[in-house]
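Structure first, then comments.
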Amino acid sequence: MKVIVDTSVWSLALRRRSAIADIATARLSRLLVDGRVLMLGAVRQKLLSGIRDPDVFESLRERLRGFPDIALVVEDHETAAGFFNACRRRGVQGSNTDFLICAAADRRGCSILTTDKDFDAFAAHVPVRLEIPLDTVPPPD
C-alpha cells in the first residue's frame, strides 16, 4: 500500500536530530526503499516554506523533486471539506491541509504516516488509515 508522508515526518527526518527523528527517518527510509512514498503538493509547500537560506531551500527543493505530487481533483477538495465538517460537528479541529491529506489518502486507498496526534482524532470520525505509529517502530540498527 502506498503511503502519504505528512509534513511532521519529513520535517523530523530532514531537519532535526533526536530519538524520534531517528525513528521517523528509519520508518521513512523503509517506505522509500519499498517505493511506497507519495507526496502532496501542500506538504511540499509546507516543507519549503520559511527556509531563510536560499542554498538550503534549493537543496531541499531538489531533493523533494524526486517525489512527484499526487494529482488532486475536485473530489479530493470536496471530500476534505466534508471530513472537516464531520470532525468539526464532533468538536475535532484540524487544518485544511490535514483534511486534504486524509481525503487524498482515502480516495486512493493509501495510508498516512504522521507524528501529528490530530490524525488519531480524525480517524475516529472519518475513514483514515494511519501507518504503524512511529513510537512502535524499533530504532534503527
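Here are some notes:
- Counting the residues of the stretch 40-68 that are among the charged types (D, E, K, R) and surrounded by 15 or more Cβ atoms within 10 Å (Cβ to Cβ) gives 2.
- Condition met for residue 112 (in a helix (DSSP H, G or I), closer than 18 Å to residue 1 by Cα and β-branched (Val, Ile, Thr)): no
- Unmet requirement for residue 139, which otherwise passes all of (1) modelled with pLDDT of 95 or more; (2) more than 15 Å from residue 8 (Cβ to Cβ): (1)
- Selection from the stretch 70-106 of residues that are within 19 Å of the chain's Cα centre (by Cα), surrounded by fewer than 14 Cβ atoms within 10 Å (Cβ to Cβ) and of a type in the set (Val, Ile, Thr): 73
- Test for residue 37: is it of a type in the set (Val, Ile, Thr) and touching an Asp or Glu at 6+ places or on another chain (Cβ under 6 Å): no
- Any hit, the stretch 47-56, residues being within 22 Å of residue 104 (Cα to Cα), aliphatic (A, V, I, L, M) and under 17 Å from the mean Cα position of the chain (by Cα): yes
- Qualifying residue in the stretch 18-27 (condition: surrounded by 19 or more Cβ atoms within 10 Å (Cβ to Cβ), more than 16 Å from residue 132 (Cβ to Cβ), touching a helix residue (DSSP H, G or I) at 6+ places or on another chain (Cβ under 6 Å) and of a type in the set (A, V, I, L, M)): no
- Any hit, the stretch 82-95, residues being in contact (Cβ under 8 Å) with a residue 24 or more places away in the chain and in contact with an Asp or Glu (Cβ under 6 Å, 6 or more places away or on another chain): yes
- The listed residue being modelled with pLDDT under 95, out of contact with any helix residue (DSSP H, G or I) (no Cβ under 8 Å at 6 or more places or on another chain) and under 17 Å from residue 113 (Cβ atoms), out of 50, 35: 35
- Take the conditions (1) exposed (fewer than 14 other Cβ atoms within 10 Å of the Cβ); (2) in contact (Cβ under 8 Å) with a residue 24 or more places away in the chain; residue 115 misses just one of them, which is (1).
- Single condition residue 77 does not satisfy, out of (1) more than 24 Å from residue 128 (Cβ to Cβ); (2) not in a loop (DSSP other than H, G, I, E, B): (1)
The values are calculated or read from the model by the stated rules, or taken from the named source; none is laboratory data. What you are looking at is a predicted structure, and each value in this text was computed from that prediction instead of being measured. Cβ: placed from backbone, ideal geometry, glycine included. Neighbour counts: every protein chain shown.
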